[in-house]
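Below: the structure, in structure tokens.
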Amino acid sequence: MDTADILHAIRSGADAVMLVGCKFGECDYETGNRTAKRHVDFAKRVLDSIGVGSNRVEMFFCSAAESDKLVAAITEMTRRVEELPSNPLK
Amino acid sequence: MENWHQFPHICENIEAKEMQENTFEKSKLDAAYYAVQSFRVRCLVDSREDILKTGRYTEENLDNMTMDLFAQELHKFQFWQKIKNSGSMKWDQIIAYARETGQAVFDVVRQAYEMKYEGLASIEELNGQFSQITATAADPGDIRPIYDQVSKISPHICSGCGMCAGICPLGCITVENGKLTIDETKCIHCGLCFTACPRSFLPKKLVDWLVSHGEAAPVDVQIGSYLEALSAQTKVPDILTVGQDGGVVTTLLYYAFQAGKIDAALGAKMGTTLWKPEPFIMRTKEDAILAAGTKYANNPNLSALPQVKKFSKIAVVGTPCMMQALRKGDIFKLDAKLRDQIKYKIGIFCMESFPYEGIVQIAKQLGTSIENAKKMNINQGKFFITNKDGTVVQAPIKEVTQHARKECHYCYDLTSESADISVGSIGSPAGWSSVLVRTPAGKELFDGALAAGLLEVKKLAEIQPGLPLLVKIAGTKSNNSSKKVLEGLEKKHPVPAYK
């Protein structure tokens with residue numbers, strides 16, 4: 001997963017991109033979630049710089065046992081997508 | 001050149017005008033999609049923590065650098081889209097495009113050259129002037145960026161300037177006695193070294209353009225662009241006794257420290273081993289005197305860039321390759337902060353440098369030794385060594401040139417064409433130095449030292465042998481470089497691309 005994947009989703013018409021990963025230190029691939037976070041941070045800056053806005057991408061961290069956190073994250077992203085103008089590139 | 005006044009804003013933010021949120025421009029998103037895949041951008045993101053751990057860049061510095069590189073790539077792909085849509089663009093259309101998008105013409109032309117290197121476009125020239133750019137059919141996704149070649153910098157063409165070691169975000173390159181080695185276990189393949197290297201590729205046209213401020217000043221084919229050609233000698237008694245010829249470089253640094261124009265200068269001084277120079281960071285005018293005198297053994301000055309970064313007003317003294325590397329950093333906007341900190345690039349004339357062992361051999365060949373040598377200089381086609389007992393031994397250059405670094409013969413530049421001000425002995429009588437003042441920054445420094453009464457000056461045109469000799473010798477070096485490059489091409493060796 002890298003910045004290009006996030007941008008590809010947006011240019012293909014996605015209203016927002018949500019990434020969910022394990023908590024730091026609990027990744028099956030050791031540092032995969034950290035790498036993803038770096039790319040999400042960069043994607044946010046890129047989206048700001050080209051006028052799309054950084055709030056359309058977010059990364060959340062929760063373990064398999066934390067269903068409440070996952071629900072809260074999905075609710076948050078749904079709220080954002082409803083509030084933001086929809087992506088005209090659909 | 002039109003729109004040249006925009007040049008000082010070279011590191012402006014991506015969009016000067018306020019950007020509205022939630023604007024989805026398909027073409028811009030496409031360009032951004034290609035831009036983030038660029039090697040040098042991606043690697044900096046991927047290896048962010050590893051880079052920060054080395055302490056070579058602060059978080060803010062690294063993020064700004066990453067965004068700067070991204071912005072360059074973004075603009076390049078936007079320009080490519082524009083060319084692709086119209087098939088090709090002529091010079092006046094390019095100027096109009098720069099104006100329309102609020103970019104400096106120089107930046108747009110640089111993008112054109114990058115596209116040429118990457119195979120995204122071809123450039124047609126008419127009488128040596130940029131005339132038209134045409135998009136090739138390639139899909140940017142298929143293009144391997146020029147930066148993806150980090151392991152391919154050949155040690156056989158290395159100038160030993162040390163820029164790669166200085167710019168490497170992980171500090172995994174060392175340049176020692178003119179030979180570079182890359183620690184492959186640490187290398188992140190960001191390609192910054194390849195971009196910064198003066199021998200990988202050097203867009204000579206863009207260098208001339210930058211130094212001559214949009215070709216406002218004339219560009220001499222052999223010695224580059226300059227505002228004034230002078231001959232000078234120091235009036236500082238302490239420098240007169242230690243300086244190589246006229247002691248001009250030392251005097252310029254002496255003045256810059258005295259006037260508070262710089263708080264550090266990067267140069268070379270003899271190290272602990274006899275006649276083996278080391279990078280030296282000067283902090284005071286007294287330090288400048290310690291660094292006086294030419295060192296003919298190769299010394300990777302620019303590898304000390306990370307150590308001078310903590311100062312805010314820096315002068316760098318170096319050979320033509322070092323000046324080319326710094327100017328390349330300007331062209332490709334590498335590390336904007338450091339670029340702002342470097343106030344003066346002081347170039348010296350250089351025919352070739354020698355490996356340390358070469359210097360030892362030459363001393364032997366001249367019937368003396370490095371232990372006895374007090375001063376070395378090259379003048380009027382001869383290599384001189386002045387011994388500590390005052391005796392002087394000499395040999396024609398032709399007889400010692402076999403000891404020179406073969407890698408140096410790829411260089412075309414005698415007079416540090418990329419510098420703000422260049423200084424060397426060729427063209428001036430003994431005890432004087434020839435000075436080429438090239439840019440407004442160089443002029444300000446030289447005129448300041450002159451006004452402070454530290455320099456004696458004459459016009460180079462009014463003395464013998466003067467400019468004609470300088471132009472002639474510069475021509476010899478550049479012809480030899482062309483021959484060496486052609487030879488290398490025939491043998492399919494890696495060669496520098498000066499285009």
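The values are calculated or read from the model by the stated rules, or taken from the named source; none is laboratory data. Here the structure is a predicted model, which means the values were calculated and not measured. Please note: Cβ atoms are built from the backbone with ideal geometry, for glycine as well, and neighbour counts cover all protein chains shown. Side chains included, ligands, DNA and RNA excluded: accessible areas come from the protein's heavy atoms. Shrake-Rupley method; radii C 1.70, N 1.55, O 1.52, S 1.80 Å.
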Out of B:Asp335, B:Asp413, sole residue that is open to solvent by less than 20 Å² (accessible area, probe 1.4 Å), modelled with pLDDT of 95 or more and under 30 Å from B:Val495 (Cα atoms):
B:Asp413
Return the residues of the range A:62-79 that are under 30 Å from B:Val41 (Cα atoms) and either polar (S, T, N, Q) or at pLDDT 95 or above (or both); say none if nothing qualifies.
A:Ala73, A:Met77
Taking the range B:370-383 and keeping residues in a loop (DSSP other than H, G, I, E, B) and either among the hydrophobic types (A, V, I, L, M, F, W, C) or open to solvent by less than 40 Å² (accessible area, probe 1.4 Å) (or both) leaves B:Ile370
Kindly indicate whether any position in the range B:77-84 is in a helix (DSSP H, G or I), under 22 Å from B:Val207 (Cβ atoms), more than 14 Å from every other protein chain (Cβ to nearest Cβ) and over 26 Å from the mean Cα position of the chain (by Cα).
yes
Among the numbered conditions (1) in a loop (DSSP other than H, G, I, E, B); (2) more than 8 Å from every other protein chain (Cβ to nearest Cβ); (3) in contact (Cβ under 8 Å) with a residue 12 or more places away in the chain; (4) surrounded by 12 or more Cβ atoms within 10 Å (Cβ to Cβ), tell me where A:Leu89 comes up short.
(2)
Tell me, yes or no, whether the range B:447-463 has at least one residue that is of a type in the set (Lys, Arg) and modelled with pLDDT of 95 or more.
yes
Name the residues in the range A:62-76 that are exposed (fewer than 13 other Cβ atoms within 10 Å of the Cβ) and within 19 Å of A:Arg34 (Cα to Cα), would you?
A:Ser63, A:Ala64
Is it the case that some residue within the range B:450-473 is open to solvent by less than 40 Å² (accessible area, probe 1.4 Å), of a type outside the set (A, V, I, L, M), in contact with a helix residue (DSSP H, G or I) (Cβ under 7 Å, 6 or more places away or on another chain) and over 29 Å from B:Arg339 (Cβ atoms)?
yes
Quick one: in the range A:1-47, which of the residues that are facing chain B (nearest Cβ under 8 Å) and open to solvent by 60 Å² or more (accessible area, probe 1.4 Å) is modelled with the lowest pLDDT?
A:Arg34
Quickly run through the range B:88-101 and pick out the residues that are within 23 Å of B:Val211 (Cα to Cα) and either surrounded by fewer than 16 Cβ atoms within 10 Å (Cβ to Cβ) or touching a Ser or Thr at 6+ places or on another chain (Cβ under 7 Å) (or both).
B:Trp91, B:Asp92, B:Arg99
Those residues that are facing chain A (nearest Cβ under 8 Å) and either charged (D, E, K, R) or surrounded by 23 or more Cβ atoms within 10 Å (Cβ to Cβ) (or both), I need them from the range B:18-28; list them, please.
B:Glu21, B:Glu25, B:Lys26, B:Lys28
Test B:Tyr97 against the criterion of being away from chain A (no Cβ under 14 Å), more than 25 Å from B:Ala138 (Cβ to Cβ) and either touching a residue at least 60 places away in the same chain (Cβ under 8 Å) or not aliphatic (A, V, I, L, M) (or both), and give yes or no.
no
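For (1) surrounded by fewer than 20 Cβ atoms within 10 Å (Cβ to Cβ); (2) under 19 Å from B:Ile331 (Cα atoms), each residue gets a yes or a no:
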position: B:Cys43; (1), (2): no, no
position: B:Lys53; (1), (2): yes, no
position: B:Thr58; (1), (2): yes, no
position: B:Asn85; (1), (2): yes, no
position: B:Gln103; (1), (2): no, yes
position: B:Arg110; (1), (2): no, yes
position: B:Ser122; (1), (2): yes, no
position: B:Glu125; (1), (2): yes, no
Check the range B:289-297 and report whether any residue there is hydroxyl-bearing (Ser, Thr, Tyr), farther than 27 Å from B:Ser200 by Cα, assigned to a loop (DSSP other than H, G, I, E, B) and open to solvent by 30 Å² or more (accessible area, probe 1.4 Å).
no
Name the pairs: first residue in the range B:41-68 and within 12 Å of chain A (Cβ to nearest Cβ) and among the small types (Gly, Ala, Ser), second residue open to solvent by less than 50 Å² (accessible area, probe 1.4 Å) and in a loop (DSSP other than H, G, I, E, B), Cβ to Cβ under 8 Å, at least 6 apart or on different chains?
B:Ser47/B:Pro169; B:Ser47/B:Leu170; B:Ser47/B:Ile188; B:Ser47/B:Cys190
Could you tell me how many of the residues in the range B:303-329 are in contact with a Lys or Arg (Cβ under 7 Å, 6 or more places away or on another chain) and either aliphatic (A, V, I, L, M) or surrounded by fewer than 21 Cβ atoms within 10 Å (Cβ to Cβ) (or both)?
7
